[in-house]
1. Over the chain, with a Gaussian network built from C-alpha contacts below 10 Å, which listed residue (63, 55, 75) shows the highest mean-square fluctuation?
2. Could you tell me the accessible area of residue 38 in Å² (1.4 Å probe, neighbours in place), rounded to the nearest ten?
3. Any idea what the relative contact order of the chain is, in percent, if you count C-alpha pairs under 8 Å spaced at least 6 apart?
4. Summing Lys, Arg as +1 and Asp, Glu as -1, what charge do residues with Cβ under 11 Å from the Cβ of residue 4 carry, residue 4 excluded?
5. Below 24 Å Cα-Cα, how many Lys pairs turn up in the chain? Only count pairs eight or more apart in sequence, or on different chains, if you could.
6. So what's Rg/Rh here for segment 72-160, counting alpha carbon atoms and using the Kirkwood radius for Rh?
7. Over segment 15-123, one equal point on each Cα, no solvent: what is log10 I(q)/I(0) by the Debye formula at q = 0.15 Å⁻¹?
8. Please compute the Kirkwood hydrodynamic radius over segment 133-226, one decimal place, Å, based on all pairs of different Cα atoms.
Amino acid sequence: MTLKLHLHPLSSFCHKVLIALYENETPFEPVIVNFSDTDSRRAFLDLWPMGKIPVLQDDANGVTLPETSIIIEYVHRHYPGSAKLLPEGAEHALQTRLWDRFFDLYIHMPMQRIVAERLRPQDHLDPHGVAEAYATLDRAYSILEKQMSQRLWSSGDHFSLSDCAASPALFYASILHPFGPDMPNTAAYFERLMERPSIARTIAEARPYFQYFPFKERMPPRFLQG
């Protein structure tokens with residue numbers, strides 16, 4: 001197998017790349033990183049000392065790549081398949097990259113900040129930082145609601161890189177901070193994402209690990225049941 005993806009099935013950023021690979025029907029070998037296991041952790045840190053998953057390893061070309069958007073673009077260029085996750089037109093591609101960044105920076109990262117707070121020791125809690133994260137989600141939801149008022153997918157009429165980013169960000173964020181009744185466009189977009197076969201597959205593969213999600217008690221039953 002030429003491509004190896006170092007990942008963990010519960011990781012939201014890993015979901016982003018998995019969705020892209022499944023959309024593209026790209027053959028790859030998943031390598032689960034267990035940071036609780038000394039050997040697994042050491043092997044991964046030897047590969048990528050920053051210690052952030054996922055990481056793509058392309059043995060055929062001697063390439064090791066971190067960062068989700070970079071991984072997806074690399075596969076798009078070097079292992080093209082059935083999916084066109086990056087539009088050919090420069091302006092459309094720019095908008096796709098913009099919304100990819102939007103989901104990562106303004107929904108994904110605040111969501112992870114809230115999750116991380118539950119894992120902090122009691123004497124290191126940061127309620128102000130968590131409040132800022134919720135406020136960022138509110139602003140991002142408002143922008144997304146407007147963006148989705150007249151479109152099928154986040155950057156146009158076709159599923160793209162930005163939707164790969166949107167799915168895990170909104171999946172976990174909606175558990176922590178559900179969409180309000182004044183957000184029908186966002187809610188409808190979320191349901192379209194959840195119905196996508198690549199996304200349903202990614203969630204199904206993560207299901208055995210949901211018991212370890214710090215906010216598992218808030219997870220809707222439909223995502224816990226196969």
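1. Ranking 63, 55, 75 by mean-square fluctuation puts 63 first.
2. Residue 38 has an accessible surface of roughly 70 Å² with all protein chains in place.
3. Details: 277 pairs, mean separation 51.3, N = 226.
Reported as a whole number, the value is 23 percent.
4. Values: positive: none; negative: 29, 58, 59.
Local charge sum for residue 4: -3.
5. Values: 4/16; 4/52; 4/84; 16/52; 16/84; 16/146; 16/216; 52/216.
Value for the chain: 8.
6. Details: Rg = 16.9 Å, Rh = 15.2 Å.
Value, to two decimals: 1.11.
7. Log-scaled intensity ratios, in q order: -0.81.
8. Numbers: mean 1/r = 0.0715 Å⁻¹.
Roughly 14.0 Å, rounded to one decimal.
The values are calculated or read from the model by the stated rules, or taken from the named source; none is laboratory data. For clarity, every value in this text was computed on a predicted model and none was experimentally measured. Virtual Cβ from ideal backbone geometry, glycine too; neighbours counted across all protein chains shown. Ligands, DNA and RNA are excluded from the accessible area calculation, which covers all protein heavy atoms including side chains. Shrake-Rupley method; radii C 1.70, N 1.55, O 1.52, S 1.80 Å.
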